[in-house]
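**Q** For reference, the structure I am asking about is given below.
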Amino acid sequence: MPRPDYIRKIEALGFNFHPDYWLDDAYYQISLDEQYDLEVASKCCFQMYCDAVERCIHDDKMLERLHIPAHLRPFVQKSWDDDELSLYGRFDFALTKDGFKLFEFNADTPTSLLEAAVIQWQWKEELFPQADQFNSLEENLIQSWHDIGYRYQIPEIFFASVIDNEEDNATVDYLIYTAMKAGINAAELDMKSLWWEKDAPLLKTSENGDDIGCLFKLYPLEDMFVNGNSEFCTTQTHLIEPLWKSLMSNKAMLPILYEMFPNSPYLLKCFDMPKGMTSYCKKPVFSREGANVELVVNNALLEKSDGEYGQEGYIYQEFADIISYDGHYPVLGSWIIGGEACGLGIRETTSRITDNMAHFVPHIIF
């Protein structure tokens, strides 16, 4: 049974988009060995992604394959060469009979952070205080903000998102809280208020507003590249996530990873075309929340999801048979903060496609 007053408790923590999403009366239990294995998988995958960026970043053919616009490539390359700092990302893993298998890397605009860092911790502390949890997210976020503030020597970080998105707002509000815990001044903006003047060195908060030395934007880089905001990427404003994350955040990197590391135990076979596969997952290069996905098993369509993505093309990833728990299929969200694996958030659904209706389920370690 859920806690009688759990709604009041989680809303007091800023979690106001929970109907039919948060499960208070269910949980997963993992062992310390399983936590260790997930950390190892996450660290290995992050290193592979970094190696792949190093391989692709100065190769125009690869950047074309990754849909990086030609006029922005010098700025993307500079962000990597200058070692601009990244804050966070989330790997999505399937647990199969053959171990953890990587589905994708939410490298630019991952959400479900508040529930992973705060809400499930409060749940654990109340119901299982003697147990542990794979969750040092807040500590790592605060340390990463310290590092970012020290590197860029800026008095303030501006945080921008699309204001009418409740989940994004909650994520930004929590990140502002952790930045302030690190001693950084923070201000929140609507993406629509950002202003750029030709040849100006920095973005501004509005037409006559303040200069922005560092901007956290919960807004996809690929959308900034094509939706009339590409000039935002050509200034000296430090972006978080940095421009080099655009290579990691699109699924066109998955076939490249498989080409580079075909023997990795964590990677599924993945190609730009099906290449004779009879069981695969067809994914758009750019998408969110499991949209426009097709699952094909033995040449027959098993499941599909609708959406508005797919214009840039698709990739074809080997079908992964997720272990089912009472008819539910969990996807393990392993968080990378400042390059370190430091937390787990689990989402499950009765479908094999994890979409925006999937439940968030807390976990404990015994």
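The values are calculated or read from the model by the stated rules, or taken from the named source; none is laboratory data. Worth saying up front: this structure is predicted, and the values here are computed from it rather than measured. All Cβ positions, even for glycine, are placed from backbone atoms using ideal geometry, and neighbour counts span all protein chains on display.
**Q** So is F105 under 18 Å from the mean Cα position of the chain (by Cα), surrounded by 19 or more Cβ atoms within 10 Å (Cβ to Cβ), in the same structural domain as D223 (by TED's automatic domain parsing) and within 30 Å of I315 (Cα to Cα) or not?
**A** Judged against the criteria, F105 is a match.
**Q** Among the residues that make up the range 192-209, is at least one of them within 23 Å of the chain's Cα centre (by Cα) and hydroxyl-bearing (S, T, Y)?
**A** no
**Q** In this structure, does M224 turn out to be surrounded by fewer than 16 Cβ atoms within 10 Å (Cβ to Cβ), free of Cβ contacts under 8 Å to residues at least 40 places away in the same chain and aliphatic (A, V, I, L, M)?
**A** no
**Q** As an exercise: evaluate D306 against (1) loosely packed, with under 15 Cβ neighbours inside 10 Å; (2) at pLDDT 95 or above and give the number of the one condition it does not meet.
**A** (2)
**Q** I would also like to ask the following. Are there any pairs, at least 6 apart or on different chains, whose C-beta atoms fall under 6 Å, with the first in the range 1-23 and at pLDDT below 95 and the second among the small types (G, A, S), and if so, which?
**A** G14/A170
**Q** Could I ask something else about it? Tell me, please, whether a residue that is touching an Asp or Glu at 6+ places or on another chain (Cβ under 7 Å) and over 19 Å from F46 (Cβ atoms) can be found in the range 330-344.
**A** yes
**Q** I want to confirm something. Restricting to the range 302-355 and keeping residues that are β-branched (V, I, T) and under 15 Å from N106 (Cβ atoms), which single residue is nearest to the chain's Cα centre (by Cα)?
**A** I336
**Q** Going by the structure shown, is E197 surrounded by fewer than 22 Cβ atoms within 10 Å (Cβ to Cβ) and among the acidic types (D, E)?
**A** Spelling it out, E197 is indeed surrounded by fewer than 22 Cβ atoms within 10 Å (Cβ to Cβ) and among the acidic types (D, E).
**Q** Looking at (1) within 21 Å of E126 (Cα to Cα); (2) among the polar types (S, T, N, Q); (3) not in a loop (DSSP other than H, G, I, E, B), find the lone condition where N16 falls short.
**A** Answer for N16: the failing condition is (3).
**Q** Let me ask something else about it. Give D98, D92, D132, D108 a once-over and let me know the one that is of a type in the set (D, E, K, R) and in contact with a Ser or Thr (Cβ under 6 Å, 6 or more places away or on another chain).
**A** Unique residue meeting the criteria: D108.
**Q** Inside the range 289-303, can you point out the residues that are at negative phi and either crowded, with 16+ Cβ neighbours inside 10 Å or touching a residue at least 12 places away in the same chain (Cβ under 8 Å) (or both)?
**A** Of all residues in the range 289-303, those at negative phi come to 291, 293-297, 300-303.
A291, V293, E294, L295, V296, V297, L302, E303, listed by residue number.
**Q** Can we say A160 is surrounded by fewer than 20 Cβ atoms within 10 Å (Cβ to Cβ) and either modelled with pLDDT under 95 or touching a Phe, Trp or Tyr at 6+ places or on another chain (Cβ under 8 Å) (or both)?
**A** On the way: surrounded by fewer than 20 Cβ atoms within 10 Å (Cβ to Cβ): no; either modelled with pLDDT under 95 or touching a Phe, Trp or Tyr at 6+ places or on another chain (Cβ under 8 Å) (or both): yes.
No: the conditions fail for A160.
**Q** Scan the range 168-181 and report the pairs whose first residue is in contact (Cβ under 8 Å) with a residue 24 or more places away in the chain and closer than 19 Å to N16 by Cα and whose second residue is charged (D, E, K, R) and surrounded by fewer than 18 Cβ atoms within 10 Å (Cβ to Cβ), with Cβ atoms within less than 7 Å and a gap of 6+ or a chain change.
**A** These pairs meet every condition: V172/E188.
**Q** Taking into account only those residues within the range 206-237 that are of a type in the set (S, T, N, Q) and touching a strand residue (DSSP E or B) at 6+ places or on another chain (Cβ under 6 Å), which is farthest from A107 (Cα to Cα)?
**A** Here the answer is S206.
**Q** Considering only strands (runs of 3 or more DSSP E) fully contained in the range 322-362, which possess at least 1 residues that are more than 23 Å from D37 (Cα to Cα), in contact (Cβ under 8 Å) with a residue 40 or more places away in the chain and assigned by TED's automatic domain parsing to the domain that holds E139?
**A** Answer list for the range 322-362: 359-361.
**Q** Also, I was wondering about something else. For the range 266-287, give me the residue count where each residue is crowded, with 16+ Cβ neighbours inside 10 Å and of a type in the set (K, R).
**A** Of the residues in the range 266-287, 2 are crowded, with 16+ Cβ neighbours inside 10 Å and of a type in the set (K, R).
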